[in-house]
Amino acid sequence: MYSQALDERDGVADEAVNAAFEQRVAAEEKVEANDRMPAAYRKTLIRQISQHAHSEIIGMQPEGNWITRAPSLRRKAILLAKVQDEAGHGLYLYAAAETLGVSREELVDQLLAGTAKYSSIFNYPTLTWADMGAIGWLVDGAAIMNQIPLCRCSYGPYARAMMRICKEESFHQRQGFEIMVTLSRGTEAQRAMAQDALNRWWWPSLMMFGPHDSESTHSDTSMRWKIKRFSNDELRQKFVDVTVPQADFLGLAVPDPDLRYDDATGHYVFGEPDWSEFKAVLRGEGPCNAQRLAHRRRAHDDGAWVREAAQAHAAKQQAEQVA
Amino acid sequence: MKTTSGQWPLWEVFLRSRNGLHHQHVGSVHAVDAEMAVANARDVYTRRGEGVSIWVVPSAAIVASDPGEKGELFEPALDKVYRHPTFYEIPDGVANI
Ligand SMILES: [Fe+2]
Ligand SMILES: [Fe+2]
């Protein structure tokens, strides 16, 4: 975007400007790249959008793991296209973050240095082919729940990136569900594989919505700024409500002994995720945290000569044009 | 681990979704030159036939109006309601106008 110059003015605690901003946002007016905005709004967005971008990029790894072992050419082409989309999502989001005056390099360096966060879900291993089904169905399904409200985010470039992403996510979820349908109608071993994948991905998927509302630190401000539209618990409930009937359809058991449908409310009542596990994964102690970062660093370093060669080539072309 | 060195220039990407329509801004890419910018824009923004034509423009070449001057620039047009056809009252019984 064309907004590299940071707005110097927003360092100043200009109360009149902030009040006008709050009013505009409350009236559902969109904020665009060069508009004046409170420094805290800018900071919050940079953090959220870049974490989101990093998640898309790291998120390529668990599924990338199975591209060469997909059971058919059809599945392989689909999985490749899906992982390619996730790369695209990362790039849309980095571009959106850059409109806030931060450079792509800074953000990438934060990821490589291990100082940036990304979604906890991608620190779990993909052990069998059924995990490709469970990830598409559950992980992309949970991502869709989270992302659809973001299409109405007050910050224009983020909202537009999310609209593009949401259009593509539906394919991701359906291809995953299709894998689950195929396995659950297959041999005994295939059914067992599907059930095992659901057992392992169910709870981490519920954790994708973040901690309980009572524990969520940035929630109130994000709601007021219309960055967030629904609370973590509301979205988690919605996800459970739509997903449990799909598991029933597959004839698979959701691994939650407390799960039951409540006639009075029309919602499912469900058990408590293991929040100590969630916190451990966020601290970097999940099963694959180290592996994911090491892989990303290796890929980055292995690509260094390509980046340097491209730059040298462009410089040479430019010199020849001048001469 | 090497950190990133040497920023690649930023390019704004515009797509024409089909002939007959304007190009529209869709986002940006990094690339060392124009040729790579078109290739990257194709990979990032047209994976599902979203475009039949791509424009890339160095972001630094775009001059934008200052949002701080929004009032001065655009408010004068707001009180000139007579520029809209709905400003005029046409008596009943007059057709085709
Ligand atoms: Fe994605
Ligand atoms: Fe996805």
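The values are calculated or read from the model by the stated rules, or taken from the named source; none is laboratory data. Nothing here was measured: the structure is a model prediction, and the numbers come from that model. Because the Cβ atoms are built from the backbone with ideal geometry, glycine has one as well, and the counts that use them run over all protein chains shown.
State which residue is farthest from the other protein chains (Cβ to nearest Cβ) when the search covers only the range A:95-123 and only residues that are within 16 Å of ligand 2 (Cβ to nearest atom) and not polar (S, T, N, Q). Filtering the range A:95-123 for residues that are within 16 Å of ligand 2 (Cβ to nearest atom) and not polar (S, T, N, Q), the one farthest from the other protein chains (Cβ to nearest Cβ) comes out as A:121. Would you point out the residue of the range A:191-215, among those that are buried (at least 17 other Cβ atoms within 10 Å of the Cβ) and assigned to a loop (DSSP other than H, G, I, E, B), that is nearest to the chain's Cα centre (by Cα)? Result: A:208. Scanning the range A:107-124 for residues that are modelled with pLDDT under 95 and part of a helix (DSSP H, G or I) yields one hit, A:120.
Restricting to the range A:60-75, and then to whatever is buried (at least 16 other Cβ atoms within 10 Å of the Cβ) and within 16 Å of residue A:171 (Cα to Cα), can you tell me which residue is farthest from ligand 1 (Cβ to nearest atom)? Let's see the steps before the verdict.
First, pick out the residues of the range A:60-75 that are buried (at least 16 other Cβ atoms within 10 Å of the Cβ): A:60-67, A:70, A:75.
The next check asks that each one be within 16 Å of residue A:171 (Cα to Cα); those that pass are A:60, A:63, A:75.
Working: A:60: 9, A:63: 11, A:75: 19 Å.
By that ranking, first place goes to A:75.
Regarding residue A:57, is this residue more than 13 Å from ligand 1 (Cβ to nearest atom), crowded, with 18+ Cβ neighbours inside 10 Å and assigned to a helix (DSSP H, G or I)?
no
Given A:180, A:193, A:208, which one is in contact (Cβ under 8 Å) with a residue 40 or more places away in the chain and within 16 Å of ligand 1 (Cβ to nearest atom)? Steps first, please.
Numbers: A:180 fails: within 16 Å of ligand 1 (Cβ to nearest atom); A:193 fails: within 16 Å of ligand 1 (Cβ to nearest atom).
Answer to the check: A:208.
Answer yes or no: is there a residue in the range A:13-25 that is away from ligand 2 (no atom under 16 Å from the Cβ), in a loop (DSSP other than H, G, I, E, B), of a type in the set (Asp, Glu) and loosely packed, with under 15 Cβ neighbours inside 10 Å. So far as the range A:13-25 goes, yes, one or more of its residues are away from ligand 2 (no atom under 16 Å from the Cβ), in a loop (DSSP other than H, G, I, E, B), of a type in the set (Asp, Glu) and loosely packed, with under 15 Cβ neighbours inside 10 Å.
Restricted to the range A:76-85, and to residues there that are touching a helix residue (DSSP H, G or I) at 6+ places or on another chain (Cβ under 9 Å) and away from ligand 2 (no atom under 12 Å from the Cβ), the residue that is farthest from residue A:170 (Cα to Cα) is A:76.
Scanning the range A:76-83 turns up one or more residues that are within 13 Å of chain B (Cβ to nearest Cβ), within 16 Å of ligand 1 (Cβ to nearest atom) and touching a Lys or Arg at 6+ places or on another chain (Cβ under 9 Å). Please go through the range A:70-105 and pick out each residue that is assigned to a helix (DSSP H, G or I), hydrophobic (A, V, I, L, M, F, W, C) and touching a strand residue (DSSP E or B) at 6+ places or on another chain (Cβ under 9 Å). The answer is A:91, A:95, A:96.
Being away from ligand 2 (no atom under 16 Å from the Cβ), among the β-branched types (Val, Ile, Thr) and modelled with pLDDT of 95 or more, is that true of even one residue in the range A:125-146?
Of the residues in the range A:125-146, the ones away from ligand 2 (no atom under 16 Å from the Cβ) are A:125, A:127-130.
Subset that is among the β-branched types (Val, Ile, Thr): A:128.
Those still in the list that are modelled with pLDDT of 95 or more too: A:128.
Yes - at least one qualifying residue is present in the range A:125-146.
Checked against the criterion of being more than 19 Å from residue A:315 (Cβ to Cβ), within 11 Å of chain A (Cβ to nearest Cβ) and modelled with pLDDT of 95 or more, the range B:7-16 has at least one qualifying residue. Taken as a whole, the range A:148-157 holds at least one residue that is within 14 Å of ligand 1 (Cβ to nearest atom), more than 13 Å from chain B (Cβ to nearest Cβ) and surrounded by fewer than 21 Cβ atoms within 10 Å (Cβ to Cβ). Counting only helices (runs of 4 or more DSSP H) that sit completely within the range A:216-323, those holding 1 or more residues that are touching a strand residue (DSSP E or B) at 6+ places or on another chain (Cβ under 9 Å) and away from every other protein chain (no Cβ under 14 Å) correspond to A:232-250.
Residues in the range A:147-192 that are out of contact with any Lys or Arg (no Cβ under 6 Å at 6 or more places or on another chain), within 16 Å of ligand 2 (Cβ to nearest atom) and of a type outside the set (A, V, I, L, M, F, W, C): A:147, A:164, A:167, A:168, A:169, A:170, A:173, A:174, A:175, A:176, A:178. Of the residues A:161, A:134, A:142, the single one that is away from chain B (no Cβ under 14 Å), closer than 19 Å to residue A:58 by Cβ, within 14 Å of ligand 1 (Cβ to nearest atom) and surrounded by 24 or more Cβ atoms within 10 Å (Cβ to Cβ) is A:142. The numbered conditions (1) more than 28 Å from residue A:101 (Cα to Cα); (2) at pLDDT 95 or above; (3) within 14 Å of another protein chain (Cβ to nearest Cβ) are all true for residue B:49 except (2).
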